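Structure, as structure tokens:
The values are calculated or read from the model by the stated rules, or taken from the named source; none is laboratory data. Please read all numbers here as calculations on a predicted model, not as lab measurements. In this analysis, Cβ positions are derived from the backbone assuming ideal geometry, glycine residues included, and neighbour counts consider all displayed protein chains. For the accessible areas, the whole protein counts, side chains as well, though only heavy atoms, and no ligand, DNA or RNA atoms are used. Shrake-Rupley method; radii C 1.70, N 1.55, O 1.52, S 1.80 Å.
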Amino acid sequence: MRDLPLQFCEYVLELTSVHRAPAYFVIDDEGGIVMQGGNLPFYGLQDISPAESTADDLLFLTGVFPIGEEPVSFPKVEMLPGVFADIHIFNRSDQNWVLLLDTSGEVAQFRSVQQHRNDLRLKLERQNRAANRPAEEA
Amino acid sequence: MIQKKVCMLGAFAVGKTSLVARFVKSIFSEKYHTTVGVKIDKKVVAGENGDINLILWDLYGEDDFQKVRMSYLRGSSGYILVVDGTRAATLDTAIGLNRNVEEAVGVLPFVVVLNKSDLTQEWEIDEGRVSQLAAQGWSFIRGSAKTGEGVEEAFQLLVEKISRA
């Protein structure tokens, strides 16, 4: 990381590896899985193997390739019930790298706020419609 | 088997998740659970040249505070725009989303589902606006995730459009 002391880089790496369950795949241009690792069981991907699987078995990669120079990210993808990943896809050394980072905690927090907000807005919309109807009909 | 990615787009609480649940699992729940992020599902459907594995991306609903990230549409072959027939403003959201998609990823096949057709007494969508959009080439299907009306037809129509694209 540019301009950051090594100690900061090590700390950020430690935060990520401890708290965000990193897992990865390396995919070749034909859609073959070249390499994989990290905490794949956390995302329910323990049965994916380079020998028996291809990128087609990873549904979140459908239609994504080829990746250009700009990385692609899919935030908050539900991998298992209650387990969400931020998925980052980028090209390095002529290979496609797919990185999964856990974001389940953030989603759980956000969901309760969002649910409350949407329930409230639907209720307000219903009240407004009910208030407007008699006037329109008259 | 050929895989095609399809995104579900629309305002919040229009029934995107319910339509996917009806289409994939033939189930419906009255309880509203907001979607956060994206949930991916799949279903095999018959295409003109053989079976297609539809990969369905059920995206969170758009509202004033939370715009849908267009990066989710990368690699999509088409999309379903969902409108709540009992909330006229959700058609405006769908029109805005369609514009954003076309600016971000170009023109893709899409079908509009006017959902909640079982709630006829509360219907708010102006047929004149629907006719105008239909004249511009938009395909509308009136349907209900609750009763199942129009659900299979909407996805099948989208598959046909994708096959012809």
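One residue stands out in region A:21-65 among those that are part of a loop (DSSP other than H, G, I, E, B), closer than 22 Å to residue A:102 by Cβ and among the hydrophobic types (A, V, I, L, M, F, W, C): the one that is farthest from the chain's Cα centre (by Cα), namely A:48. Among residues of region A:86-100 being under 15 Å from residue B:71 (Cα atoms) and under 9 Å from the mean Cα position of the chain (by Cα), the one that is most open to solvent (accessible area, probe 1.4 Å) is A:88. Remark: residue A:29 matches the filter, which requires a residue to be surrounded by fewer than 14 Cβ atoms within 10 Å (Cβ to Cβ), in contact with a strand residue (DSSP E or B) (Cβ under 8 Å, 6 or more places away or on another chain) and of a type outside the set (Lys, Arg). So, of the residues in region A:116-138 that are polar (S, T, N, Q) and open to solvent by 50 Å² or more (accessible area, probe 1.4 Å), which turns out to be modelled with the highest pLDDT? Within region A:116-138, the match that is modelled with the highest pLDDT is A:127. Taking the condition of being at the interface with chain B (Cβ under 9 Å from one of its Cβ atoms), touching a helix residue (DSSP H, G or I) at 6+ places or on another chain (Cβ under 9 Å) and assigned to a helix (DSSP H, G or I), how many residues in region A:81-125 meet it? Total satisfying the criteria: 1.
Pairing residues of region B:113-128 that are farther than 17 Å from residue B:81 by Cβ with residues that are open to solvent by 70 Å² or more (accessible area, probe 1.4 Å), at Cβ distances under 7 Å and at least 6 apart in sequence or on separate chains, gives B:118/B:146; B:118/B:147. Of the residues making up region A:11-26, those that are over 16 Å from residue A:77 (Cα atoms) and open to solvent by 30 Å² or more (accessible area, probe 1.4 Å) number 9. Residue-level analysis places residue A:113 outside the set of residues that are within 20 Å of the chain's Cα centre (by Cα) and surrounded by 15 or more Cβ atoms within 10 Å (Cβ to Cβ). Of all residues in region B:1-20, those being at the interface with chain A (Cβ under 10 Å from one of its Cβ atoms), open to solvent by 10 Å² or more (accessible area, probe 1.4 Å) and among the basic types (Lys, Arg) number 1. Which members of region B:21-56 meet the condition of being open to solvent by less than 20 Å² (accessible area, probe 1.4 Å), touching a Leu at 6+ places or on another chain (Cβ under 9 Å) and over 14 Å from residue B:158 (Cα atoms)? Hits for region B:21-56 are B:37, B:38. Do we find a residue being among the aromatic types (Phe, Trp, Tyr) and within 21 Å of residue B:162 (Cβ to Cβ) anywhere in region B:104-115? Checked against the condition, which is being among the aromatic types (Phe, Trp, Tyr) and within 21 Å of residue B:162 (Cβ to Cβ), region B:104-115 yields at least one hit.
Suppose the filter is more than 13 Å from the chain's Cα centre (by Cα), facing another protein chain (nearest Cβ under 10 Å), in contact (Cβ under 8 Å) with a residue 24 or more places away in the chain and over 29 Å from residue A:107 (Cβ atoms); does residue B:48 pass it? Answer is no for this residue.
Note on region A:46-72: residues that are over 15 Å from residue A:92 (Cα atoms), touching a residue at least 24 places away in the same chain (Cβ under 8 Å) and open to solvent by 20 Å² or more (accessible area, probe 1.4 Å) total 1.
Among the residues here, residue A:68 qualifies as within 13 Å of chain B (Cβ to nearest Cβ), part of a loop (DSSP other than H, G, I, E, B) and farther than 21 Å from residue B:55 by Cα.
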